[in-house]
Amino acid sequence: MSNVLVFIEQRDGKIRKASLEALTLGRELAGKSGGTLAAVVAGSGVAGLAAELAPYGAAKVFVADKPELASYSTEGYVAALDAAVAAFSPAILLVSATTVGKDLAPRLAARRKVGVLSDVMGLEVAGGRLVGSRPVYSGKARATVQPAADAALQVATPRPNVFPASRAASPGAAAATALDFKVPAIRAKVVKLEAAEAGELDVAEADKIVSGGRGIKGPENWPILRALCHELGAALGASRAAVDAGWIHHGHQVGQTGKVVSPSLYIACGISGAIQHLAGMGSSKVIVAINKDADAPIFKAATYGVVADLFQIVPAMTEAAKKMKG
């Protein structure tokens, strides 16, 4: 029997989609091994979020609701997660591979003296142990990974947008339990938060992404791509070249040094397809590449390729999307 604990990430009191995906995966793993599914949420004023996790099968929800946890901090949140692990004694811990999750899971694993199956795109239980698969060599191959045979706790960080979120056929009880623990001294202090533009979707969680590269020629041409994003309900992404040129904020960057994404649709506009960029979006389900250079590396990874001027093709796609919506 393998009990499963899932860390639930929230932002401004709203549960992130990636955490619901991890919770759905946790429900499947717990169901196959006859275990119980539990979740843990941390923050300030987050006790009410427990009820939102019941439809996804959570039988228990551990709540770390403290003023000191209003903003994310490694020290505070790992203490909360460690308290939940101590209270529930899970065999498996899932933390979505978001920016927060990639920081939190390794710290908790180090505290528990176990390893982490990081950024997995496949995960199952075999013989009571986790077996995962993750991309290696910039996405060119997949490696099979397993925790140590004697690991008391198996930790994995599933990649967002790979495991679909779905509600359980039989909702869980989601009984909320307040965690009693001492928040350690937090050495880093949040002094300012810069919010994304109103209506902007985060590329890390988006199901559709339209990205621009050096081929858009300058920051004044982003509105062309934003118009297509609006019609498709997509997030706006960018290559490292566009970010390094100062054309757009780093938060939009997709790639090895940006955000790793796995949307159902990725439209690359004027992006050559350097290996660092492909490493960040190569696992997209459908890739559409638009580039004037027929020899651009992006076409090797593309599901569909259009050798043409993006300034002609993208507006035409936007108009077509409008007609489909109409």
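Identify, from the list Glu200, Glu194, the residue that is in contact (Cβ under 8 Å) with a residue 12 or more places away in the chain, assigned to a loop (DSSP other than H, G, I, E, B) and of a type in the set (Asp, Glu). If you could, list the steps in order and put the result at the bottom.
Values: Glu194 fails: in contact (Cβ under 8 Å) with a residue 12 or more places away in the chain.
Every option except Glu200 fails the conditions.
Tally up the residues in segment 73-131 that are of a type in the set (S, T, N, Q), open to solvent by less than 30 Å² (accessible area, probe 1.4 Å) and farther than 17 Å from Ala30 by Cα, please.
Total satisfying the criteria: 3.
Regarding segment 291-310, can at least one residue be identified that is within 16 Å of Asp207 (Cα to Cα), touching a strand residue (DSSP E or B) at 6+ places or on another chain (Cβ under 7 Å), touching a residue at least 12 places away in the same chain (Cβ under 8 Å) and among the hydrophobic types (A, V, I, L, M, F, W, C)?
no
For the condition at pLDDT 95 or above, among the β-branched types (Val, Ile, Thr) and closer than 29 Å to Gly255 by Cβ, what is the one hit in Val190, Val136, Val116, Val162? Steps first, answer last, please.
Working: Val190 fails: at pLDDT 95 or above; Val136 fails: at pLDDT 95 or above; Val162 fails: at pLDDT 95 or above.
The conditions single out Val116.
Among the candidates Ala242, Ala268, Ala238, Ala227, single out the residue that is open to solvent by less than 10 Å² (accessible area, probe 1.4 Å) and more than 24 Å from Pro135 (Cα to Cα).
Every option except Ala242 fails the conditions.
I'm trying to understand the selection: among the residues of segment 145-157, which are outside any loop (DSSP other than H, G, I, E, B) and either of a type in the set (A, V, I, L, M) or modelled with pLDDT under 95 (or both)?
Within segment 145-157, Val145, Val155, Ala156 meet the criteria.
Taking the conditions exactly as written (within 29 Å of Ile275 (Cβ to Cβ) and assigned to a helix (DSSP H, G or I)), does Ala110 satisfy them or not?
Details: within 29 Å of Ile275 (Cβ to Cβ): no; assigned to a helix (DSSP H, G or I): yes.
Considered against the rule, which asks whether it is within 29 Å of Ile275 (Cβ to Cβ) and assigned to a helix (DSSP H, G or I), Ala110 comes out as no.
When you scan segment 232-326 for helices (runs of 4 or more DSSP H) that lie fully inside it, which ones turn up with 1 or more residues that are within 23 Å of the chain's Cα centre (by Cα) and closer than 29 Å to Gly101 by Cβ?
Passing ranges, in order: 240-244, 275-281, 298-301.
The values are calculated or read from the model by the stated rules, or taken from the named source; none is laboratory data. Predicted model only: the values in this text are computed from it and were never measured. No Cβ is skipped: glycine too gets one built from the backbone with ideal geometry, and neighbour counts run over all protein chains shown. These area figures cover heavy atoms from the full protein model, side chains too; ligands, DNA and RNA do not enter into them. Shrake-Rupley method; radii C 1.70, N 1.55, O 1.52, S 1.80 Å.
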